[in-house]
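See below for the structure under consideration.
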Amino acid sequence: MTPIDLLNCLAEFVKEQTKNIILQVKTEPGGSQKERAAEVHKMRLPKKEDSTRRIPYILLQILTGKDDLNKERRCKESTCQIRIVVGTYSEDENVGAYDVLNVLMKIRTELQAAGIIADRYVLQDPLEYIIYPDDYHPYYFGEMITNWSIPIIKREVEELWL
């Protein structure tokens, strides 16, 4: 349950930190220009076709998790890797790519400043990000890979060190 809790806590954190970044929304021909903050989704978008219909959005996905023994410290460690995908829309190519960068940098800055989410999930290095160079005009995408230390699950029966 811990990675799921991390995903939920991170979604709330990202939603709070990006709520004031107002982005363009694609409108039907003849419709008025609309803007809003990016929606935050966990694991998948509601429907496959939403990959462009729900833009702007931020999608959080658990990629990997690992429980391991740190032999140097003789203790267990648990980690989780979460991908943060950002999708934006703009008819202006400079604005669309900049919007993705702006959202990712806001999330990056706030995560690094906080360092810990929900008093139990610790951000670890490296923190990697990319703005996709592919031409999907008028849609723009980028992503960030985050690594987290998460609480270990305690066994009900003690282990014996031999």
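Quick notes
- Residue count for the stretch 114-129 under the criterion of being free of Cβ contacts under 8 Å to residues at least 60 places away in the same chain and either closer than 22 Å to Glu16 by Cα or among the polar types (S, T, N, Q) (or both): the result is 10.
- For the stretch 122-139, a residue qualifies if it is surrounded by 14 or more Cβ atoms within 10 Å (Cβ to Cβ) and at pLDDT below 95, and the qualifying residues are Ile131, Tyr132, Pro138, Tyr139.
- For the stretch 97-113, the set of residues classified as under 14 Å from Ile84 (Cβ atoms), among the hydrophobic types (A, V, I, L, M, F, W, C) and in contact (Cβ under 8 Å) with a residue 24 or more places away in the chain consists of Val100, Leu101, Val103, Leu104, Ile107, Leu111, listed by residue number.
- Near pairs, Cβ below 9 angstrom, 6+ apart or cross-chain, from the stretch 1-29 (within 18 Å of Leu63 (Cβ to Cβ) and assigned to a helix (DSSP H, G or I)) to any residue that is at pLDDT 95 or above and of a type in the set (S, T, N, Q): Leu7/Gln61; Leu10/Thr146
- Hits in the stretch 75-121 - residues which are over 30 Å from Lys34 (Cβ atoms) and surrounded by 15 or more Cβ atoms within 10 Å (Cβ to Cβ): Ser78, Thr79, Cys80, Gln81, Ile117, Tyr121
- Pro151 satisfies every condition listed in (1) within 22 Å of Leu6 (Cα to Cα); (2) touching a Leu at 6+ places or on another chain (Cβ under 9 Å); (3) modelled with pLDDT under 95 except (2).
- In the stretch 99-107, the count of residues that are at pLDDT below 90 and either among the hydrophobic types (A, V, I, L, M, F, W, C) or not in a loop (DSSP other than H, G, I, E, B) (or both) is zero.
- When we screen Thr64, Thr52 for residues that are β-branched (Val, Ile, Thr) and at pLDDT below 90, the only hit is Thr52.
The values are calculated or read from the model by the stated rules, or taken from the named source; none is laboratory data. Quick caveat, the model's predicted, so the values are computed rather than measured. Positions of Cβ are generated from backbone atoms using ideal geometry, with glycine treated the same way; all protein chains shown enter the neighbour counts.
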